[in-house]
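The values are calculated or read from the model by the stated rules, or taken from the named source; none is laboratory data. Bear in mind the structure is a predicted one, so any value in this text is a computation, not a measurement. Cβ placement follows ideal geometry from the backbone for every residue including glycine, while neighbour counts extend to all protein chains displayed. To get the accessible areas, we keep the full protein, side chains included, count just its heavy atoms, and leave off ligands, DNA and RNA. Shrake-Rupley method; radii C 1.70, N 1.55, O 1.52, S 1.80 Å.
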Amino acid sequence: MVKKVRYPLQSFVCLLFLLFTLQLIAQTKQRRSDLKIWFTHPASNWNEALPVGNGRLGAMIFGGIKSERLQLNEQTVWTGKDVDFVNPAAKAALPEVRKLLFAGRYAEAQKLAKEKMMGDKKVGSNYQTLGDLAFDLELPGGDVAEYRRELDIDSAVARVNYRIGNVSFAREIFSSAGDQAIVVRLTASKLSSVTFDMKLSRPGNKAKIEVANGEIIMSEHVGDGVGVKMIARVRVINEGGTVTVSGESIKVEKANAVSLLITAATDYRGSDPLLISGNQMTAVVNRNYDEIKRDHITDYRKYFKRVDLDLGTSDGVYFPTDARILAIQNGYVDQQLIKLYYQFGRYLLISSSRPGGLPSNLQGIWADGLYPPWSADYHININIQMNYWPSEITNLSELHMPFLQFLKDLQPDARKTAKDMYGLTGTVAHFTTDPWHFTEPYGEPQWAMWPMGFAWCSQHLWEHYLFTGDKQYLADLGYPVMKEAAEFCVNWLVENPVTKQLVSGPSISPENTFKTKTGEIATMVMGPTMDHMIIRDLLANTIEAGKVLNKDAAFNKKLQSVLTRLAPTKVGSDGRIMEWTEEFEEPEPGHRHISHLFGLHPGRQINKQQTPELLQAARKTIEYRLAHGGGHTGWSRAWIINHFARLEDGEAAYENLLALLRKSTLPNLFDNHPPFQIDGNFGATAGITEMLLQSQAGEIQLLPALPKAWQKGYIHGIVARGGFDVDIDWEEGKLKQVRILSKLGNTAVVRYGDMVVTVKTEKGKSYSFDGSLKQ
């Protein structure tokens with residue numbers, strides 16, 4: 001039996017590294033890789049398991065020795081259904097709520113909004129586990145040696161290896177996008193040594209299990225009938241030995257090797273899951289294992305290999321990942337762990353978001369049990385947006401499409417909510433949604449009375465065009481969705497009776513609160529800063545999109561007029577950007593949401609080139625948040641990395657990246673909210689990229705926030721707006737060379753520090769510059 005290693009704490013970690021470095025190097029040198037997450041023990045809990053996925057089908061691998069568990073997911077296994085729960089009193093209550101807010105009667109307005117504007121969501125929805133594949137192995141007697149459990153993110157293949165006596169046992173697990181199946185391969189170095197019992201199960205004991213002809217079929221109508229109908233199949237392909245059925249399980253005896261094929265489907269899109277999963281199984285069952293694996297790796301690498309990052313070397317690669325995290329918590333410098341973490345973020349997006357599927361949810365596609373945290377839903381007040389921050393800049397543009405298509409699918413309900421709740425045209429969505437596409441608010445106004453979810457999401461539609469230049473996409477999908485979101489915002493804004501400026505409301509600064517002059521805790525105002533930043537971004541983007549497509553000139557003129565009257569971003573008496581319309585006292589000055597910096601990131605309204613005074617106010621804002629405990633959740637810390645990158649402060653961005661690894665990273669490198677929430681992984685990957693390349697201010701800015709710790713390195717294959725693939729190399733903390741591939745033939749304005757060069761490019765041609773930006 002393998003015992004889990006308990007590593008010493010604090011200063012003893014460095015001693016551990018000194019004592020065991022040579023021994024571990026000798027043991028692992030042949031298997032050294034800076035793109036592997038690995039352990040010397042099985043997972044003792046879900047947060048130590050290793051994820052594989054093909055965008056739709058996922059598994060968490062525990063790597064047990066005698067008993068293995070694969071926790072399975074299929075991205076459409078959801079409870080719930082399409083329901084309408086707009087509060088019928090909302091439309092009539094809207095003018096009164098606004099009147100109370102303009103009068104400064106915040107608590108009264110909030111009470112009225114809760115009663116008259118929040119919907120009664122009676123039908124819950126949860127993302128759920130597909131189930132568990134478990135097998136118990138018969139092994140020879142003796143101690144277990146040379147145990148290793150790893151996830152190779154260069155090939156998207158997980159492995160478990162160990163030796164008992166003179167027999168070595170091995171497993172390989174991956175989720176193939178091409179074959180739409182999870183594949184498990186069990187082998188041993190001695191013939192006739194693979195023996196195990198296998199079964200499928202699901203929490204709740206309501207699933208129907210059928211076993212025949214070397215296959216287990218598990219079916220259930222989830223949510224007690226209020227949800228999808230699902231099917232999961234596992235087929236045994238044995239090489240030698242025998243396969244027999246015993247009740248609801250299958251027994252394999254004395255095989256030389258065994259392949260397990262797992263397919264699954266639901267009726268989410270109206271298809272028969274029994275037929276679909278059966279067709280998937282039929283298509284893969286007669287294929288050779290080596291061919292399946294080869295095709296899987298080829299498919300995965302067409303995305304993964306686009307970007308290569310090097311930040312230097314360390315001996316950390318010779319140590320298990322949990323030891324590396326512990327070491328970095330105690331001051332060890334491990335730049336290759338940062339590289340691994342960066343590429344792991346890209347791995348997770350490739351593995352949880354593929355064209356034609358649903359977008360990545362709060363847990364990607366990996367969630368255990370029937371009731372994951374926050375239902376693993378689609379929070380649209382930052383979380384799903386953060387999931388897709390790395391998609392364009394890290395050269396995974398196609399993987400952005402599930403989210404963009406999801407916005408189009410939200411439109412029908414978003415139109416209905418705008419009309420029935422507010423009496424307005426256009427589209428609106430609030431703080432969260434699910435695969436059934438609801439857009440109404442429910443719960444407490446503190447998080448729900450925020451009608452900017454659709455408007456923020458629409459930023460991604462324009463971003464995809466800026467990176468790809470795809471006018472057909474813009475005409476067919478991007479612009480029509482943006483236009484309706486902009487239409488709502490124009491209709492939603494009202495005149496402030498005192499300032500005569502247009503303001504948004506009733507609304508909030510997501511999930512935050514303030515203290516009124518009478519000492520009450522409130523959350524709603526007319527004119528929160530974030531709303532105006534989002535609306536300004538959306539209207540400006542819609543105007544630009546209209547110009548690209550040469551359409552809707554009158555509508556765009558109307559948007560321009562609204563922009564001139566929209567209440568501006570204000571700086572308070574303490575030099576910080578104001579979050580609300582007044583300088584309220586903050587009950588939570590270190591709040592996890594940093595909403596009033598939307599204009600800095602992911603927006604483009606605050607930058608060094610055009611608004612230096614707001615940039616300075618943004619710095620004070622983020623420093624104040626951190627001084628009061630901000631960044632205490634994983635995703636919030638990831639956002640802070642991006643903020644400091646936009647502030648061109650490499651040292652602060654780097655320190656917050658280290659804080660994310662030290663305080664908010666689980667043993668398997670999953671982000672810890674807590675609990676696990678995948679947005680922090682994606683946000684940090686985006687943040688590292690922003691430290692090395694930015695393009696939001698009309699320039700390709702090289703190494704804008706390079707920290708001193710990264711003295712030498714390179715990043716190749718990242719992408720700038722305007723359709724440019726960029727390779728950057730640096731030495732001694734300075735730019736060495738840059739190569740820019742123009743994919744669209746646009747003019748490139750390239751900046752490094754105070755040096756700027758403008759190049760009229762040709763489509764398909766590459767341009768190289770040295771550290772002085774000389775060609």
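Quick check: at a probe of 1.4 Å, how many percent of the accessible area of segment 209-368 sits on carbon and sulfur atoms?
Details: 2570 of 5630 Å².
Carbon and sulfur atoms account for 46 percent of the accessible area of segment 209-368.
Within the accessible area of segment 372-507, what % is carbon and sulfur when the probe is 1.4 Å and the other protein chains stay in place?
Roughly 54 percent, rounded to a whole number.
Straight Cα distances below 15 angstrom link Lys251 to the aspartates and glutamates Glu68, Asp136, Glu138, Asp197, Glu210, Glu215, Glu239, with same-chain residues fewer than 8 positions distant left out. Ordering of 198-205, 92-99 by packing is 198-205, 92-99, highest average first (other Cβ atoms within 10 Å, averaged per residue). Per residue, the convex hull spanned by the Cα atoms of segment 206-364 amounts to 197 cubic angstrom. On full extension, the segment bounded by Arg565 and Lys774 gains 70.8 nm, given 0.36 nm per residue less the C-alpha separation. Evaluated over the Cα positions of the chain, the convex hull gives a direction-averaged projected area, one quarter of its surface, of 33.1 nm².
Normalising the Debye intensity of segment 689-775 to I(0), with uniform scatterers on Cα atoms only, and taking log10 at q = 0.13, 0.18, 0.25 Å⁻¹ returns -0.35, -0.68, -1.34. Each residue was assigned an accessible area with a 1.4 Å probe, and for Leu101 the value is about 10 Å². If R0 equals 56 Å, the separation of the Cβ atoms of Lys712 and Ala92 corresponds to a calculated FRET efficiency of about 0.30.
Extension gain for Ala212 to Asp82 (0.36 nm times residue separation, less C-alpha to C-alpha distance): 43.2 nm. Per residue of the chain, the DSSP helices (runs of n ≥ 4 H) give a summed -39500 (n - 2.57) that works out to -10500 deg cm²/dmol at 222 nm. In order along segment 71-87, the Karplus-derived 3J(HN,Hα) couplings, from 6.51 cos²θ - 1.76 cosθ + 1.60 at θ = phi - 60°, round to 7, 10, 9, 10, 5, 9, 7, 10, 7, x, 6, 6, 9, 10, 9, 4, 5 Hz, and Gly and Pro are given as x. Taking amide H as placed 1.01 Å from N in the peptide plane, the amide H of Gly131 sits under 5 Å from that of Leu72, each at least 5 places away or on another chain. In terms of the mean number of neighbouring beta-carbon atoms within 10 Å, the peptides 34-44, 281-291 order highest first as 34-44, 281-291. In percent, rounded to a whole number, the relative contact order of the chain is 12, using alpha-carbon pairs under 8 Å and six or more apart. Full extension of the segment from Ala554 to Lys66, taken as 0.36 nm per residue of separation minus the current Cα-Cα distance, would add 168.7 nm.
Given H placed on each backbone N at 1.01 Å, which residues far from Thr513 in sequence or on other chains put an amide H within less than 5 Å of it? Hits under the 5 Å cutoff: Glu588.
Highest mean first, what order results for 315-326, 707-718 on Cβ atoms within 10 Å? Don't skip to the end; give the middle numbers.
Working: 315-326: 22.2, 707-718: 17.8.
Going by the mean number of other Cβ atoms within 10 Å, highest first, we get 315-326, 707-718.
What is the percent carbon and sulfur in the accessible area of segment 729-773, measuring with a 1.4 Å probe over the protein chains and ignoring ligands?
Values: 1090 of 2590 Å².
Whole-percent figure for carbon plus sulfur exposure: 42.
Protein heavy-atom accessible surface, 1.4 Å probe, per residue over the chain: 36 Å².
Less than 5 angstrom separates the built amide H of Gly722 from those of Phe467, all sequence-distant by 5 or more or on a different chain.
Taken along the Cα-to-beta-carbon direction at a fixed 7 Å, the label points for Lys620 and Leu370 span 5.4 nm.
3J(HN,Hα) along segment 307-319: 10, 10, 10, 9, 10, x, 10, 7, 6, x, 5, 8, 10 Hz, from the Karplus curve 6.51 cos²θ - 1.76 cosθ + 1.60 with θ = phi - 60°, whole Hz, x for Gly and Pro.
Using r as the Cβ-Cβ distance of Thr242 and Lys305, and R0 as 30 Å, what FRET efficiency do you calculate, to the nearest 0.05?
On the way: r = 42 Å, r/R0 = 1.40.
The value I calculate is 0.10.
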